[in-house]
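**Q** I am attaching a structure below and will ask some questions about it afterwards.
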Amino acid sequence: MKKKLMLFSISFLLISGLGFAAGSKNVYRIGVFHSPTGVFHPAYATHSYDFYITRFVFETLLRYGPDGKLEPNLAKEWSASKDGTVFTFVLRDGIKFHDGTPLTAEDVKYSIEYVGFPDYKGARASFINAIKGVKEFKAGKTKDLKGIKVLDKNTIQITTEKTYSSGFLRFGINFEIFPKHIWEKVEVGKAQEATDLMRQPIGTGPFKMTEYVPDQYVTFTRFDDYWEGAPKLDKIILVKTNRDTAQAQLFRGEIDQIYPGSIRKTDADQFKAHGMVISGVPRNAYQYMTVNLTKKPFQDKRVRQAIAHALNRKGVVDNFLEGHGEVSHNPYPSTFWAHPEGMNEYKYSRDKALELFKTAGWNYDAGKNVMYLDGKPVRFQLKYSKGNVVREKCAVLFQQNLKDVGIKIDLKIMEFGVMYDEVKKSDYEIALVGQGSENDGDLSKFYYSDFIKPIGDNSGSNWIRYKNPEVDRLIDEGFRTLDQDKRQTLYRKIGLLLNEELPVIYIYHWPDNIVFTGKLKGRTIPPVAAYSYYYKANKWYFAD
Amino acid sequence: MRKYLIRRILIIIPVLFGVSIVIFALIHLAPGDPYSSMIDPNFTAEDRRNLLEAIGYYDPLPVKYVKWLGRAIQGDLGYSITYKEPVLSVILRNFKNTVVLSLTALALSVLMAVPIGVISATRKNTIFDYVVTVFSFIGISVPIFFLAMLLIKFLSFDLGLFPISGMQTIGSGYSGFMKFLDFVHHLMLPVIALALVQMAQLMRYTRSSMLEVIMQDYIRTARAKGLKERLVIYKHALRNALIPVVTVICISIGYLMSGAVLTETVFVWPGMGTLVYQSILNRDYPVVVSCALVMAFFILIANLIADILYAFIDPRIKYE
């Protein structure tokens, strides 16, 4: 028995003492909390974590630069006709795919028209709806998509049916370019079954993917023929990591970077003490409280403004987000170019709230602390989903805030998918939701009245069912222009209008956080969440 | 015996059938769909509907079940919705890892727990016995994810003895024997966590079962006829005390094969537990149902093995 124990402890010590290198040189490890699923095809990937691969291996015609504006990437020049219907992109010379084949305009054409092939089964079919002749092409009536023309081996021209203000963003940012010579051999409808091909993506990025082990890691190896110069790092590896131990692994040097979501102040101090860099990337998104606009009490904007005053939104940012975020007054965060000046901030004030409720005809009984509407005490149900800690805390805080003005709130916590379905059916009174906006500033998806569908049809993106002719008109005008200054004026106006109208009660904007080792140098992170994480990865290097 | 075996094996079929119906119904009744959680918000509702149509999401439940069953009987468990890969290869990949982790932990815990349990029973009410009892109480009461976190904190983070998670030092480029050592190095922490908890249980079973046997008349007889104490304990007593212990071990094999969800999650060990957990979150119906079947199968088999082992340990038990 003793011998056995001795043997065991000796081997135990031997193995643990071998001194495995915690982090070998020139390899950069990124911890991710979910394994990529292996669908590394730009036209088929839907899982958020697969984008960590597709947006790295493949590149787009344009990209966001350090100032948040579009800059050249695969395309060195881009232009649009005056009426905003013809978009021309000119590719750089000498770009090669990871297999050595040169990139041509044919690959670009293929990557865009791919989602319109009649047997395409992915989720991006709507991405090309603006292009001329797309209906005939999708139906299989024409062999070629009329609106896309290859002018020469480096030039591609895309023609849209109408003025398309999102054109550069759509064609320049939303389509990763993949090689035609590889994928044309596989039937479009069967691409998802070509597991092997899907898991060995060939793109043009600075690193090529060399190994994918499901549920463990993905390895990227330097691509020396990269058009912007050979990378300095040898490898970048995505490592599946447990959220609860990620911080410890970071400090021990097992990984070099994590995407921690929100950061508490105590964690932030820890990170800094260990020489980490915390980079908050603004997200063009907001968290809000939606009140059911199809129900009478909420159709009065004074009621919505009163609720905004009643909620302690600043408290949310200060205490729940611990300063990592900002109070929201409209859909655009202050880092975004369409963010307007001079908005009403709806400061936390019980008196203001009560006053507004009163002008809207609600009666408050101060003695009993009960709010009455049409002679009945006011009582609403608040639906919210599990999983987002801050949102869960908000629900409880807001319940208290509204109780202070005599409104009784019943909380109902639900699973996200279920809640979302019910909310879309307008089957709710009040709900807490989050919303992302398009990076080009267009708000049509959520506020344009054409996108309202009758109750029961969940496909309308304007499911809050907000209708305002003035907002519609401004959005329309925004659709029709590519002039950036003009769009800025228009979208700022929309921002101000929404701030006044409060179709939903805006709560906060929050950043996406990246925490990485201070030893990594040469990294710039443009202020556009999700799209900017690998910006110029070929320039990254370790300082010793 | 043979007749008995055949009957027991045949029973597995209807049980699996029942399990498949129940799991199939339950997972489909759960709200949400495969594209409700991790999908990029840029996709429109229309696009999502197309995706769901492509996987047959809108078929009525019985139709879905019959379709699935038809293929399953021919050995085709379908395609994973998340991984876009045959379910069988997903399961095999993860199953392998679970087997390594679970069997190592089990072996370690049996090797440690049985002798300790025996010693603690023979030296009842000594300090050794008290210490063992207290430890096994702690082991049974502490939730494993907490224990795992403590181990990580002390052994990995403070002392730096083991890597925190994963199966290998990623990007190390180890090969051959070094690769194996590296793997063992990564294996140790999850094994220790899992083994400690198992050990606590097994020790208690061994101890109480042993105590009961030692009181029996035939042990007194053996001692009276002058046999050495070691022979009495390890030959006469232990063999009889082992019967309930074997049951516990066999049943835990069944459960271990279905993956230690919490341990695997904490240590990012890509086994069956992680797979099931992820697949339920992603509503990956084909994978969830198939995993349930695999688990049910192993639990049934483990029970069968326990019954067979009885016959070997205790000659009085015969299956006719």
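**Q** Exactly one of these conditions fails for A:I158: (1) part of a strand (DSSP E or B); (2) surrounded by fewer than 19 Cβ atoms within 10 Å (Cβ to Cβ). Give me its number.
**A** (2)
**Q** Just the residues that are over 14 Å from A:R29 (Cβ atoms) and of a type in the set (A, V, I, L, M, F, W, C), please, taken from segment A:222-247.
**A** A:F223, A:W227, A:A230
**Q** Let me ask something additional. Return the total of residues in segment B:55-82 being assigned by TED's automatic domain parsing to the domain that holds B:P31 and closer than 20 Å to A:L197 by Cβ.
**A** Within segment B:55-82, residues that are assigned by TED's automatic domain parsing to the domain that holds B:P31 and closer than 20 Å to A:L197 by Cβ number 0.
**Q** Additional query: Considering each residue of segment B:242-279, count those that are over 14 Å from the mean Cα position of the chain (by Cα), touching a residue at least 40 places away in the same chain (Cβ under 8 Å) and away from every other protein chain (no Cβ under 14 Å), and give that number.
**A** Looking only at that region, the number is 5.
**Q** Testing A:D410 on (1) surrounded by fewer than 17 Cβ atoms within 10 Å (Cβ to Cβ); (2) within 14 Å of chain B (Cβ to nearest Cβ), one condition comes back false. Which one is that?
**A** Answer for A:D410: the failing condition is (2).
**Q** Next question, about the same structure. Quick check: is even one residue across segment A:175-188 under 24 Å from the mean Cα position of the chain (by Cα), modelled with pLDDT of 95 or more and away from chain B (no Cβ under 14 Å)?
**A** yes
**Q** Quickly run through segment A:174-188 and pick out the residues that are surrounded by fewer than 21 Cβ atoms within 10 Å (Cβ to Cβ) and of a type in the set (A, V, I, L, M).
**A** Scanning segment A:174-188 gives A:I182, A:V186, A:V188.
Every residue, every condition in (1) within 13 Å of chain A (Cβ to nearest Cβ); (2) in contact with a Cys (Cβ under 9 Å, 6 or more places away or on another chain); (3) in a helix (DSSP H, G or I), yes or no:
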residue: B:V131; (1), (2), (3): no, no, yes
residue: B:V134; (1), (2), (3): no, no, yes
residue: B:F146; (1), (2), (3): yes, no, yes
residue: B:K153; (1), (2), (3): yes, no, yes
residue: B:G171; (1), (2), (3): yes, no, no
residue: B:H186; (1), (2), (3): yes, no, yes
residue: B:M203; (1), (2), (3): no, no, yes
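The rows are residues; the columns are (1) within 14 Å of chain B (Cβ to nearest Cβ); (2) more than 21 Å from A:G441 (Cα to Cα); (3) surrounded by fewer than 18 Cβ atoms within 10 Å (Cβ to Cβ).
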{"site": "A:A123", "(1), (2), (3)": "yes, yes, no"}
{"site": "A:I128", "(1), (2), (3)": "yes, no, no"}
{"site": "A:K132", "(1), (2), (3)": "no, yes, no"}
{"site": "A:I148", "(1), (2), (3)": "no, yes, no"}
{"site": "A:K153", "(1), (2), (3)": "no, yes, yes"}
{"site": "A:K190", "(1), (2), (3)": "yes, yes, yes"}
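**Q** Of all residues in segment B:55-82 being in contact with a helix residue (DSSP H, G or I) (Cβ under 9 Å, 6 or more places away or on another chain), more than 14 Å from every other protein chain (Cβ to nearest Cβ) and outside any helix (DSSP H, G or I), which is surrounded by the most Cβ atoms within 10 Å (Cβ to Cβ)?
**A** So the residue we want is B:L77.
**Q** Could you identify the single residue in A:V418, A:V389, A:V423 that is out of contact with any helix residue (DSSP H, G or I) (no Cβ under 7 Å at 6 or more places or on another chain), farther than 30 Å from A:Q488 by Cα, of a type outside the set (F, W, Y) and away from chain B (no Cβ under 14 Å)?
**A** Within the list A:V418, A:V389, A:V423, the selection yields A:V389.
**Q** Tell me yes or no: at least one residue of segment A:332-353 is in contact (Cβ under 8 Å) with a residue 60 or more places away in the chain, assigned to a helix (DSSP H, G or I) and under 24 Å from the mean Cα position of the chain (by Cα).
**A** No, there is no match, as no residue in segment A:332-353 is in contact (Cβ under 8 Å) with a residue 60 or more places away in the chain, assigned to a helix (DSSP H, G or I) and under 24 Å from the mean Cα position of the chain (by Cα).
**Q** Filter segment A:368-412 down to the residues that are among the hydrophobic types (A, V, I, L, M, F, W, C) and within 24 Å of the chain's Cα centre (by Cα), then identify the one that is farthest from A:A310 (Cα to Cα).
**A** Here the answer is A:V389.
**Q** So for segment B:311-319 (the condition being in contact with a Lys or Arg (Cβ under 9 Å, 6 or more places away or on another chain) and either buried (at least 19 other Cβ atoms within 10 Å of the Cβ) or of a type outside the set (A, V, I, L, M) (or both)), does at least one residue qualify?
**A** yes
**Q** Given the criterion in contact with a Leu (Cβ under 9 Å, 6 or more places away or on another chain) and within 11 Å of chain B (Cβ to nearest Cβ), identify the matching residue among A:D256, A:D234, A:D244.
**A** A:D256
**Q** Please give the strands (runs of 3 or more DSSP E) falling wholly within segment A:24-114 in which 2 or more residues are β-branched (V, I, T) and under 26 Å from the mean Cα position of the chain (by Cα).
**A** Counting at least 2 such residues, we get A:27-32.
The values are calculated or read from the model by the stated rules, or taken from the named source; none is laboratory data. Keep in mind that what you see is a predicted model, and the values were worked out from it rather than measured. Don't worry about glycine lacking a Cβ; one is built from the backbone with ideal geometry, like all the others, and counts go over all protein chains shown.
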